[in-house]
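Undergrad: This is the structure I want to talk about, given as structure tokens.
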């Protein structure tokens, strides 16, 4: 009998960063607040189909995002630097 060792590769989650998105749901304007600000932090916003709506580079630990010109629905905010940080679902009413 052989032992099988499994390990995750490809995506490393940076557990040292937490972030909040509020208000959620909103009418299109969201605030993003970080627990700490690493350099090279990016945010990518996609729609429910995975199409990229916006890509933004953070310049400080707080950011306001305006999606009010986009259709109502569900969007995903993905934060990443050299590795994956996290993702949140937001709703535009």
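The values are calculated or read from the model by the stated rules, or taken from the named source; none is laboratory data. These figures come from a predicted structure and were not determined experimentally. Virtual Cβ from ideal backbone geometry, glycine too; neighbours counted across all protein chains shown.
Undergrad: What number goes with the only condition from (1) surrounded by 14 or more Cβ atoms within 10 Å (Cβ to Cβ); (2) over 12 Å from the mean Cα position of the chain (by Cα); (3) modelled with pLDDT under 95 that residue 92 does not pass?
TA: (3)
Undergrad: Continuing with the same structure: Do you know which of the residues in segment 38-55 that are farther than 11 Å from residue 75 by Cβ and touching a strand residue (DSSP E or B) at 6+ places or on another chain (Cβ under 6 Å) is surrounded by the most Cβ atoms within 10 Å (Cβ to Cβ)?
TA: The qualifying residue surrounded by the most Cβ atoms within 10 Å (Cβ to Cβ) is 43.
Undergrad: I would also like to ask the following. Might you let me know whether segment 56-79 holds any residue that is part of a strand (DSSP E or B), surrounded by 14 or more Cβ atoms within 10 Å (Cβ to Cβ) and without any contact (Cβ under 8 Å) to a residue 24 or more places away in the chain?
TA: From segment 56-79, those part of a strand (DSSP E or B) are 56-57, 62-66, 73-79; that's our starting set.
Add one more test, that the residue is surrounded by 14 or more Cβ atoms within 10 Å (Cβ to Cβ), and what stays is 56, 63, 65, 75-79.
Those left that are additionally without any contact (Cβ under 8 Å) to a residue 24 or more places away in the chain: 56.
Yes, the conditions are met somewhere in segment 56-79.
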